[in-house]
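Reading through the structure tokens given below for one structure.
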Amino acid sequence: MRAVFAGLLLLGVAAAQTPEDLTFTGGIGELREISRALPKYFIADAKTHLATRPRITSMDALNARRDQVRQQIIQNVGGFPERTPLNARVTGVVERDQYRIEKIVFESQPKLYVTANLYIPKNGKAPYPAVLFPLGHESGAKAHEAWQYVLGSLASKGFVALAWDPIGQGERSQFYDPDLRRSRLVASTREHTMLGAQCLLVGDNIARYTIYDGLRALDYLLSRKEVDPLRVGVTGNSGGGTHTAYLAALDDRLKVAAPSCYITSWERLLTQIGPQDAEQNLSPWLNLGFDFPDLIYAFGGKPYLVLSAIRDFFPIGGARASIAEARRTYDSLGISEKLGAVEVDDGHGYTLPRRLAAYRWMSKWLKGEEDDGREPPISLATEAELQCTPTGQVSTSFDGESVFTLNRKRAGQLRAKSPAKQDVLAAARELSGYRPQPGSPPVTAYGTLQRKDYRVEKFVYESEPGILIPAVLAIPQKQSSGHDAVLYVDGHGKAMLSSKLGEWMKNGTVVLAIDARGFGETQSKPEAASEDNRIWFGDASSTSAAFLLGKTLVGLRALDIIKGFELLSQRTDLSLKTIHLVGAGGASVPALFAAALDNRIQSVELDGLLMSWQSVIDTPIHRHAYEQVIPGVIRKFDLPDLAAALSPRNVRITSLVDAMGDPVPAKVAASLYGARMAAN
């Protein structure tokens, strides 16, 4: 990498007076792409792991892969709850000429209420074949127009069909505000990410709840006398396609599957749009070499139809690649007819051509007959007509649980109590995904800026292959027998150094300020549609990609900090006496981890440190916390435990923030960190 920058033009001497003087603003050569370095790093890492996937050439190998995928999903989500009584009840009926719609409420877990619509044919003779229909993220949930076309058509064609409101949608908003008459977070995907971060801290995935709702919906469907338990299929679009794939992989009672607008490949997904919704990212899925074809294999060779849109945001190239791989397997096993694929030149959604293909597939494999190739006229119901609760929301109709309350209880049961110092430090290394990089990092100089009392050296170092860290080194002109030094890392970037630089230079302190990956100039540029999400979750895409690869942004940034510490330590020309690490804002948790992971760091100061991970679990809505998440960490230790584990090294905390990013009162801060809190 050193050679890549050879011969680049150095910056001229200038007066460093503004934050821009502490950056590489404008881009120099390859540095113009530095904001793409982190996504490219994850893509390259994913390719390495995906290259290790086995070829499936026998039924024994297929069944073994099915069992492996199934167990991995269960492990990744944190296991499923104990099956308890559904306590199902019908709260109303909507009549149509060809079918009736029963409005159902059941409990997937005790007091976790699920609202559902059951479509039952009026023609033909029971028991009927049935279709489980998990929903996507579209507005209206079970009342969404496209879903009503699918469900009504299936019922008209002689299938019992069941759809239910997913967590965060329809009548099951987890953040419903009665005054606003909508979710405080507006979008269901945002609700999922908010809850997803809290679940991850406990060692679970929000899919533990979304998948389990589907498994219990299947329990309910099979409890109905109208249903033939040996003829049950599953289909859904987008998020419903995700859960079609999950449920098909996990439950042998399902005989036919048809996910729509979901199956692609992880390489294409990471390259084009990045990780999607919280329940669609199972960590460390990619680190173990699992890809989309594995979800097909997990169905054990039963009839599987992949429905795709050429102009979908789920990349069509990935769908084609995964289908081609799975087809080679099905062909080699002599079951080619059981794998189907339909792609349509349209966009994301369960549009008519894909719906017709699904009807044909379900009729062929569940009824043993050809579908008539038509979609019947459907009389659409309003959202109010299909609602199952008195108020239209479970949160205001029943005194029940939510994912937030259940996760908080689970954290209380699993949280580590007074962990030993050595256990905390060992867990910090393991859970953060930290992997030390041997040797001194390559460095490329980018010139010097001169001021009256100090000079600023600009350079870039390679923390690990593919990760470039922009840095500025401020060296005071004041001479002494030795200097103290500060390694400064700020979540807003090294340009924030400008407000503190004068005092440090006056005191004769050498300062190295860096942009750890994802900070400052290395921050990924968000799509316009995701800018609002960044306000809540920061770089959610990179955070999720790290989890998928068995890593965390905290651990990766800690590595960048440690490499910066090494570089500063090696500057023998500066006669440094001590090096003091300062982490501010979003860099404070990575800085704390850097000290925990490398005992050469003897002194650390933290400004704006998240008060605790427990506070994120205990607060329904959090902000700026997602990048600080480490999966499963609350089972081993919390941030106050980690700070204590650094004793007798010097840890000084100048301020704490709560889960919303607001200052923590001094009394609360002192109760958590004691003498480590600096006096105001």
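The values are calculated or read from the model by the stated rules, or taken from the named source; none is laboratory data. Quick caveat, the model's predicted, so the values are computed rather than measured. Don't worry about glycine lacking a Cβ; one is built from the backbone with ideal geometry, like all the others, and counts go over all protein chains shown. All accessible areas refer to the heavy atoms of the entire protein, side chains included, with ligands and DNA or RNA removed. Shrake-Rupley method; radii C 1.70, N 1.55, O 1.52, S 1.80 Å.
Assorted remarks:
- Top-ranked residue in segment 403-424 [being free of Cβ contacts under 8 Å to residues at least 60 places away in the same chain and not polar (S, T, N, Q); ranked as nearest to H192 (Cα to Cα)]: K409
- Residues in segment 586-606 that are open to solvent by 30 Å² or more (accessible area, probe 1.4 Å) and either touching an Asp or Glu at 6+ places or on another chain (Cβ under 9 Å) or small (G, A, S) (or both): R600 alone.
- Total residues in segment 116-142 satisfying the condition of being surrounded by fewer than 23 Cβ atoms within 10 Å (Cβ to Cβ) and more than 22 Å from R253 (Cα to Cα): the figure is 7.
- Subset of segment 155-169 [among the polar types (S, T, N, Q) and not in a loop (DSSP other than H, G, I, E, B)]: S156
- Of all residues making up segment 170-191, the number that are in a loop (DSSP other than H, G, I, E, B), surrounded by 24 or more Cβ atoms within 10 Å (Cβ to Cβ) and either aromatic (F, W, Y) or out of contact with any Asp or Glu (no Cβ under 8 Å at 6 or more places or on another chain) (or both): 0
- Residue count for segment 444-475, restricted to those that are buried (at least 21 other Cβ atoms within 10 Å of the Cβ) and in contact with a Ser or Thr (Cβ under 9 Å, 6 or more places away or on another chain): 10.
- Residue check, L672 open to solvent by less than 20 Å² (accessible area, probe 1.4 Å), among the aliphatic types (A, V, I, L, M) and either modelled with pLDDT of 95 or more or in a loop (DSSP other than H, G, I, E, B) (or both): no
- Condition met for E627 (open to solvent by 10 Å² or more (accessible area, probe 1.4 Å), in a helix (DSSP H, G or I) and under 30 Å from Q174 (Cβ atoms)): yes
- Of all residues making up segment 415-443, the number that are surrounded by 15 or more Cβ atoms within 10 Å (Cβ to Cβ), touching a helix residue (DSSP H, G or I) at 6+ places or on another chain (Cβ under 7 Å) and in a helix (DSSP H, G or I): 6
- Any hit, segment 144-166, residues being closer than 19 Å to L406 by Cβ, open to solvent by 10 Å² or more (accessible area, probe 1.4 Å) and charged (D, E, K, R): no
- Residue in segment 499-508 that is among the polar types (S, T, N, Q) and either touching a strand residue (DSSP E or B) at 6+ places or on another chain (Cβ under 7 Å) or closer than 25 Å to Q198 by Cβ (or both) present: no
- Per-region count, segment 597-614, residues touching a Lys or Arg at 6+ places or on another chain (Cβ under 8 Å) and either closer than 11 Å to I561 by Cβ or part of a loop (DSSP other than H, G, I, E, B) (or both): 5
- Given (1) within 17 Å of A197 (Cβ to Cβ); (2) touching a Ser or Thr at 6+ places or on another chain (Cβ under 8 Å); (3) surrounded by fewer than 16 Cβ atoms within 10 Å (Cβ to Cβ), number of the condition G661 does not satisfy: (2)
- Against the numbered list (1) among the small types (G, A, S); (2) touching a helix residue (DSSP H, G or I) at 6+ places or on another chain (Cβ under 6 Å); (3) crowded, with 20+ Cβ neighbours inside 10 Å, S336 comes up short only at (3).
Residues are listed down the side, and each one gets a yes or a no for (1) touching a residue at least 60 places away in the same chain (Cβ under 8 Å); (2) assigned to a helix (DSSP H, G or I); (3) within 22 Å of A594 (Cα to Cα); (4) out of contact with any Gly (no Cβ under 7 Å at 6 or more places or on another chain):
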position: S499; (1), (2), (3), (4): no, yes, no, yes
position: L512; (1), (2), (3), (4): no, no, yes, no
position: T543; (1), (2), (3), (4): yes, yes, yes, yes
position: E566; (1), (2), (3), (4): yes, yes, yes, yes
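- Leading residue by the ranking (nearest to the chain's Cα centre (by Cα)) among those in segment 353-401 that are assigned to a helix (DSSP H, G or I) and among the polar types (S, T, N, Q): S395
- Residues that are in contact (Cβ under 8 Å) with a residue 40 or more places away in the chain and open to solvent by less than 10 Å² (accessible area, probe 1.4 Å) number at least 3 in the following helices (runs of 4 or more DSSP H) confined to segment 204-293: 207-223, 239-250.
- Of the residues examined, F299 is not one that is at pLDDT 95 or above and closer than 26 Å to G168 by Cα.
- Some residue of segment 484-495 being modelled with pLDDT of 90 or more, open to solvent by 10 Å² or more (accessible area, probe 1.4 Å), under 25 Å from P465 (Cβ atoms) and of a type in the set (G, A, S): yes
- Qualifying residue in segment 506-523 (condition: open to solvent by 10 Å² or more (accessible area, probe 1.4 Å), under 30 Å from V633 (Cα atoms) and polar (S, T, N, Q)): yes
- Of the set (1) part of a strand (DSSP E or B); (2) open to solvent by less than 10 Å² (accessible area, probe 1.4 Å); (3) under 23 Å from Y246 (Cα atoms), all apply to Y113 but (2).
- Set R53, R36: member being modelled with pLDDT under 95, over 30 Å from S379 (Cβ atoms), within 23 Å of the chain's Cα centre (by Cα) and part of a loop (DSSP other than H, G, I, E, B): R53
- In segment 359-379, the residues that are in contact with a helix residue (DSSP H, G or I) (Cβ under 7 Å, 6 or more places away or on another chain), open to solvent by less than 50 Å² (accessible area, probe 1.4 Å) and under 24 Å from L230 (Cβ atoms): Y359, D371
- Residue in segment 391-402 that is open to solvent by 60 Å² or more (accessible area, probe 1.4 Å), free of Cβ contacts under 8 Å to residues at least 12 places away in the same chain and at positive phi present: no
- Candidates are the residues of segment 66-101 that are open to solvent by 60 Å² or more (accessible area, probe 1.4 Å), touching a residue at least 24 places away in the same chain (Cβ under 8 Å) and over 33 Å from the mean Cα position of the chain (by Cα); the one that is nearest to W285 (Cα to Cα) is T91.
- Total residues in segment 568-597 satisfying the condition of being in contact (Cβ under 8 Å) with a residue 60 or more places away in the chain, closer than 29 Å to D539 by Cα and not hydroxyl-bearing (S, T, Y): the figure is 14.
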